[in-house]
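The values are calculated or read from the model by the stated rules, or taken from the named source; none is laboratory data. This structure is a prediction, so every number in the text was calculated from the model and none was measured. Note: accessible area is taken over every heavy atom of the protein model, side chains too, but ligands, DNA and RNA are not part of it. Shrake-Rupley method; radii C 1.70, N 1.55, O 1.52, S 1.80 Å.
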Amino acid sequence: MDKTGESYTAARRQVLNKKIDYAALAGMADEKVKAKTGRDWSEWTRTLDAFGAKDKPHRDVAEHVHSIGVPDWWAQTVTVGYERIRGLRAIGQRRGGSWETTKSKTIAVPVDKLFDAFANARTRKRWLGDVKLKVRSATKPKAMHITWDDQTSVDIGFFPKGEAKSYVAVAHVKLPSKADADRKKQFWSEKLDALAKLLTK
DNA sequence: AAGATATTTGCGAGCAAGCC
DNA sequence: GGCTTGCTCGCAAATATCTT
């Protein structure tokens, strides 16, 4: 790698486009934001800096954005994107500094069966392995909440998707660091695959 | 390889319940 | 009472997968 050349290129890109990769940081393409909110990221960054968004809580910023005429959902997106650009938060980081990661999977099986695979300890063991967890609560074929063996918490949601299909969404919250979040994401990715295989077979 | 379709992802809101 | 934590849900873009 040619470090000098790289940073040189990056620097030049900044000068020429003055955009850097805000879009990548924010996780939302520049054209999209521009189309929906009337401003692209560099403009938003300027606008919000001027507003003093850096020192304000999310809610206030989102409200301000909304008051400018941006629709609900986009107000959130813009606010979160800004915070990421400014380094106030990273992907997966929640209020209070904890992290979360989500994983979901569509499986060609009715919700009941899917729910069962989680609710039934024996079935669960077949794809999840022997994990020490505590089921905090379980609501019919809709959702389930679990306390993991490391005190983190796992939220699981089950949703029907047409006739015989359904999908499960796993959210692992309260992770202490990004490394943990990454690890859990990988973990769930594998387990969910295993689950799909098991049920689909 | 382009286009169409399906799946996946991250996030906050709002209400309920629990705790100081 | 007021604050924190838990529970559920919907949204729209991004990414992956399948067609042709």
Collect residues whose amide H, placed 1.01 Å from N in the peptide plane, falls under 5 Å from the amide H of residue A:104; neighbours closer than 5 in sequence don't count. A:170
Going by accessible area, probe 1.4 Å, with all protein chains left in place, what is the ranking of A:173, A:65, largest first? A:173, A:65
Given a 1.4 Å probe and heavy atoms of the protein chains only, how would you sort A:159, A:115, largest accessible area at the top? A:159, A:115
Which value, in Å² and to the nearest 10, is the accessible area of residue A:133 when all protein chains are kept and the probe is 1.4 Å? 40
Per-residue SASA entry for residue A:167, accessible area with 1.4 Å probe, Å² rounded to 10: 70
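Using only C-alpha positions, report the orientation-averaged shadow area of the convex hull of the range A:46-200, nm², one decimal.
Averaged projected hull area, Cα only: 10.6 nm².
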Classify the range A:24-130 as rounded, prolate or oblate, taking a ≥ b ≥ c as the square roots of the eigenvalues of its Cα gyration tensor: rounded when a/c is under 1.5, otherwise prolate if a/b is larger than b/c and oblate if not. prolate
